[in-house]
1. Between 0 and 90 degrees, rounded to the nearest ten: what's the tilt of helix 27-47 against the longest Cα principal axis of the chain?
2. Glu46 accessible area, nearest 10 Å², 1.4 Å probe?
3. Residues of the stretch 61-91 with the amide nitrogen closer than 18 Å to a label point 7 Å from the Cα of Ala130, along Cα-to-Cβ, please.
4. Classify the stretch 60-103 as rounded, prolate or oblate from the Cα gyration tensor: take a ≥ b ≥ c as the square roots of its eigenvalues, call it rounded if a/c is under 1.5, otherwise prolate when a/b beats b/c and oblate if not.
5. Cα axis of helix 127-138 to longest principal axis of the chain: angle in degrees, 0 to 90, nearest 10?
6. Which order do the peptides 105-117, 9-21 come out in when sorted by mean C-beta neighbours inside 10 angstrom, highest first?
7. Take the solvent-accessible surface of the protein heavy atoms, probe 1.4 Å, and return the percent of it on the chain that carbon and sulfur atoms account for.
8. Contact order normalised by length for the chain, with contacts defined as Cα pairs under 8 Å and 6 or more residues apart; what percent is it?
Amino acid sequence: MPYLLDTRGHYLQVASIASIGSVPMMSAYCASKAGVESFTHSLRAEMARSGVTVGIAYLNWIDTDMIRDADRYRVMRKVRSLMPRPARAISSAEHVARRVVTSVEQRASSVYVAGWLRSSQSVRGVLPGAITQLSRRKLTDSRYAATGLLGAGGRAARRATDRDGGSTADPH
């Protein structure tokens, strides 16, 4: 923050569709993204008089190794298949990067990739109940198991934990 204060820069925090509509099998991720969102809004108010602008990026599924790893699990494929068509689409990393860079250049207070995510803000109050009802009907297989850590970040965390002699929640 000292560097941003000196330069009157722009701070962009990355949230997710997970901060708008939490879904089963992603509870820790959704909670962390909801925290990111709250932090960003608070920081924006704190920085308002300093010349530092604060933005938030609401991103949907991105073609990364984390998502490709998640797709290896039947439950994650099932969760995504139950989402409305636009919500289950995967964007290329290049497309998302271009939109994020443009938002920083414009010092935007928010960027939504995909664009339809902006409209999801208006229904976020009803999403928890709707998601719970859908989950009760559609996610009935008791054999679903936790995926553990995913993608390059998950592999790095697993190596670091193994190196330090701890254990991870990854069952694999």
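1. The two axes meet at around 10 degrees.
2. Roll a 1.4 Å probe over it and Glu46 shows about 130 Å².
3. Within reach of a label on Ala130, which here means backbone N under 18 Å from a point 7 Å along Cα→Cβ, the stretch 61-91 contributes 61, 79-89.
4. oblate
5. Between the helix axis and the principal axis of the chain, the angle is about 20 degrees.
6. 9-21, 105-117
7. Of all accessible area on the chain, carbon and sulfur atoms account for 56 percent.
8. Across the chain, relative contact order equals 25 percent.
The values are calculated or read from the model by the stated rules, or taken from the named source; none is laboratory data. Nothing here was measured: the structure is a model prediction, and the numbers come from that model. Using ideal geometry, Cβ is built from the backbone for each residue, glycine included, and neighbour counts are taken over all protein chains shown. The area values use the complete protein model at the heavy-atom level, side chains included, leaving out ligands, DNA and RNA. Shrake-Rupley method; radii C 1.70, N 1.55, O 1.52, S 1.80 Å.
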